[in-house]
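Asker: The structure under discussion is supplied below as structure tokens; questions concerning it will follow.
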Amino acid sequence: MKITDMKLYFMPHRFLLLKIETDAGICGWGEPLVEGRAATLEASVNEWRDYFIGKDPLRIEEHWQTMYRRAFYRGGPVLMSTIAGIDQALWDIKGRYYHAPVHEMLGGKVKDKIKVYRSIHGDTPEEVAEDARQAVREGYTVIKTSPTDPTHYVDTLQSVNKLVEKVGAIRDAIGNNIDMAIDFHGRIHKPMAKVLVRELDQFHPLFMEEPVLPENKEALREVAKYTSAPIAIGERMYSRWDYKSLFEQGYVDIIQPDLSHAGGISEARRIAAMAEAYDVAVAPHCPLDAIAFSSCIQMGAATPNLVLQEQSIDIHDASDTNPRINFLKNKEVFHFKDGFVEIPEGPGLGVEVDEEMVQEQNKNRHNWKNPMWRTYDGTPIEW
């Protein structure tokens, strides 16, 4: 079996899918993406076309090592996301070739279902509290909020109180039987991170995510002193080498590699194994489409220290209007019950893509960019 073609499709509203075809009629799908950089990833994947055409798709590890080590300048979001999407598609092909789900080829399941959560939204305490109640009505037992507004290096008491009011409204709305995680989204700098994690500790968060940017991870030593909640980080870390110092420092309790950014199924599996050796849990980042989500579930099924899975495809909505799964032929593949998702048992990633719909959606190539935030004095700040 040899690879014959690689095709890329822009998907609404900001996503990118990759199809790898073979001369055996077996194809695989992946999701190589840096949000807001779809055209960059398209070019980066296409740079590997000459290498892959004519290659055996089953030699996944050889291809992974070649893509990583052939690049003298390596790592980072673009290069590792390129590897990630290709890696996902190769695992999909391999599973279909052997008529087995990917998790079987990773050693088999260590769990029968995976706990999932969704993010809640709202500009006011009332709005975010209502969305939290809606998530509970939908069956989620874990929610996550990103309540921070644009925040300066040192900000005002008013800013702190506004954040506390919003998170307090969520806790009041859901009670103490539902878990709530707080995502700072790397918007906070160390001086304010210490203040905010201390003030929000009273709401008993399941974890505090990205209280500082990963490039400032040494600050976690200080931040961790001000909260009893587990610290989570990792969606903007791209390889086991990025994680190595994080584990050695010992201040992080949950890592969040993104399987479309951190080298795919192959590398995320290795990162998770490293985390297990340091007694650290895994909760992969995944605000993407069904391909990336299924990759997470397949790896998670065979990963003992994976405890939680992010998703934003809205697994309650299998309608033709849901853009994150409407390109699937088997839209009901993700079975949700009591805050868990069952593990797909179909071959490869377990999802069947309607390529005609994908081709149609590709006609409207998006150019999505994330917003640019500024503080009260006009300083550009993290979004």
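The values are calculated or read from the model by the stated rules, or taken from the named source; none is laboratory data. All of these numbers come straight from a predicted model, not from anything done at the bench. So basically every Cβ, Gly included, is an ideal-geometry build from the backbone, and we count neighbours across all protein chains shown. When the accessible area is computed, the model is the full protein with side chains, heavy atoms only, and any ligands, DNA or RNA have been set aside. Shrake-Rupley method; radii C 1.70, N 1.55, O 1.52, S 1.80 Å.
Asker: Among the residues of segment 1-24, count how many are open to solvent by 30 Å² or more (accessible area, probe 1.4 Å) and in a strand (DSSP E or B).
Answerer: The qualifying residues number 4.
Asker: So residue 312 passes all but one of these: (1) modelled with pLDDT of 90 or more; (2) within 19 Å of residue 32 (Cβ to Cβ). Which condition number does it fail?
Answerer: Failed condition: (1).
Asker: Oh, and also: Among the candidates 346, 350, which residue alone is at positive phi and either crowded, with 16+ Cβ neighbours inside 10 Å or at pLDDT 95 or above (or both)?
Answerer: Just one listed residue meets the conditions, 350.
Asker: Of the numbered conditions (1) in contact (Cβ under 8 Å) with a residue 40 or more places away in the chain; (2) farther than 22 Å from residue 235 by Cβ; (3) in contact with a strand residue (DSSP E or B) (Cβ under 9 Å, 6 or more places away or on another chain), residue 60 fails exactly one; give the number of that condition.
Answerer: In the conditions (1) in contact (Cβ under 8 Å) with a residue 40 or more places away in the chain; (2) farther than 22 Å from residue 235 by Cβ; (3) in contact with a strand residue (DSSP E or B) (Cβ under 9 Å, 6 or more places away or on another chain), residue 60 misses (3) alone.
Asker: Additional query: Can you pull out the residues in segment 246-272 that are farther than 16 Å from residue 212 by Cα and small (Gly, Ala, Ser)?
Answerer: Of everything in segment 246-272, those that are farther than 16 Å from residue 212 by Cα and small (Gly, Ala, Ser) turn out to be 260, 262, 263, 264, 266, 268, 272.
Asker: Could I ask something else about it? Working only within segment 306-333, note down all residues that are assigned to a loop (DSSP other than H, G, I, E, B), hydrophobic (A, V, I, L, M, F, W, C) and either open to solvent by 50 Å² or more (accessible area, probe 1.4 Å) or touching a Pro at 6+ places or on another chain (Cβ under 7 Å) (or both).
Answerer: Filtering segment 306-333 down to residues assigned to a loop (DSSP other than H, G, I, E, B) leaves 307-308, 311-327, 329-330.
Retained after the next criterion (residues that are hydrophobic (A, V, I, L, M, F, W, C)): 307-308, 313, 315, 318, 325, 327.
The answer is 307, and nothing else.
Asker: Now for a separate question. If a residue must be open to solvent by less than 30 Å² (accessible area, probe 1.4 Å) and either outside any helix (DSSP H, G or I) or of a type in the set (Asp, Glu) (or both), how many such residues does segment 353-383 contain?
Answerer: Total meeting the criteria: 3.
Asker: Oh, and also: Could you tell me whether segment 299-312 includes any residue that is in contact with a Leu (Cβ under 6 Å, 6 or more places away or on another chain) and within 22 Å of residue 14 (Cα to Cα)?
Answerer: The answer is no; no qualifying residue exists.
Asker: Here's another thing I want to ask about it. Of the residues that sit in segment 132-150 and are surrounded by fewer than 19 Cβ atoms within 10 Å (Cβ to Cβ) and in contact with a Gly (Cβ under 7 Å, 6 or more places away or on another chain), which one is nearest to residue 161 (Cα to Cα)?
Answerer: Filtering first and then ranking leaves 141.
Asker: I'd like to know if segment 160-170 contains one or more residues that are touching a residue at least 60 places away in the same chain (Cβ under 8 Å) and among the hydrophobic types (A, V, I, L, M, F, W, C).
Answerer: no
Asker: Being open to solvent by 40 Å² or more (accessible area, probe 1.4 Å) and either at pLDDT 95 or above or aliphatic (A, V, I, L, M) (or both) is the requirement here; does residue 76 meet it?
Answerer: no
Asker: Could you give me the residue pairs with C-beta distances under 8 Å whose first residue belongs to segment 30-42 and is free of Cβ contacts under 8 Å to residues at least 60 places away in the same chain, whose second residue is small (Gly, Ala, Ser) and surrounded by 21 or more Cβ atoms within 10 Å (Cβ to Cβ) wherever it lies, and which are 6+ apart or on separate chains?
Answerer: 41/81; 41/85
Asker: Now, a different point. Among the residues of segment 198-214, is any of a type in the set (A, V, I, L, M), open to solvent by 10 Å² or more (accessible area, probe 1.4 Å) and over 20 Å from the mean Cα position of the chain (by Cα)?
Answerer: Looking through segment 198-214, none of the residues is of a type in the set (A, V, I, L, M), open to solvent by 10 Å² or more (accessible area, probe 1.4 Å) and over 20 Å from the mean Cα position of the chain (by Cα).
Asker: Among the residues that make up segment 114-128, is at least one of them closer than 24 Å to residue 234 by Cβ, within 19 Å of the chain's Cα centre (by Cα) and open to solvent by 40 Å² or more (accessible area, probe 1.4 Å)?
Answerer: Yes: segment 114-128 contains one or more residues that are closer than 24 Å to residue 234 by Cβ, within 19 Å of the chain's Cα centre (by Cα) and open to solvent by 40 Å² or more (accessible area, probe 1.4 Å).
Asker: Now, a different point. Please find, among 273, 281, the residue that is farther than 17 Å from residue 91 by Cα and either surrounded by fewer than 19 Cβ atoms within 10 Å (Cβ to Cβ) or of a type in the set (Val, Ile, Thr) (or both).
Answerer: Exactly one residue qualifies, and that residue is 273.
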